[in-house]
Amino acid sequence: MKQILLVIILLSFNVVTAQNEKEKVKNTIDSFFESFHNQDSVTMKKNVSEKVIIQSIGENQIGGTVVNETSFSDFLKSISSIPKDISFKEELLDYQISIDGSMANVWTPYKFYFNDSLSHCGVNSFQLVKINGKWQIIYIIDTRRKEKCE
């Protein structure tokens, strides 16, 4: 009986630990977007690794799929250059978080609003790594579309 109780306790501990890590990963994503919406490049930098990669999947003029890459410094410049009288918000609709040791993947469908009007929607995929006890975003790729955003 004691062995069964010990196994149940150990399994419960593993579930709680996994949920804690998922919450920490989610907090990293939330902090990134909070600083994004506030145009706070200092805080945004705290959530990413020095060598973060940012890519976007879209279509070219003839409907072919293209992958565009943006440096993080160019991304920060574009965010900070948005005039304060223009509103923008990326609304994350869900978080699907998978973790294996020091690596995490987060899949977040989203809708992007520009001046309170729906601009586009898609999915973000984040890769994170846990370094020195802190989750950092190392890779972001997203899709963008104007149709089927319901």
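Readers should treat all values here as calculations from the given coordinates under stated rules, not as data from a laboratory. Quantities reported herein were computed from a predicted structural model and do not represent experimental measurements. Neighbour counts are summed over all protein chains in view; Cβ atoms, including those assigned to glycine, are modelled from backbone coordinates with ideal geometry.
Observations
- Complete set of residues in the stretch 35-71 that are free of Cβ contacts under 8 Å to residues at least 12 places away in the same chain and hydroxyl-bearing (Ser, Thr, Tyr): 65
- Considering (1) at negative phi; (2) in a loop (DSSP other than H, G, I, E, B), the lone condition that residue 53 does not fulfil carries the number (2).
- Some residue of the stretch 72-92 being under 24 Å from residue 103 (Cβ atoms), out of contact with any strand residue (DSSP E or B) (no Cβ under 7 Å at 6 or more places or on another chain) and loosely packed, with under 12 Cβ neighbours inside 10 Å: no
- Count of the stretch 99-112 residues which are of a type outside the set (D, E, K, R) and over 11 Å from residue 26 (Cα atoms): 7
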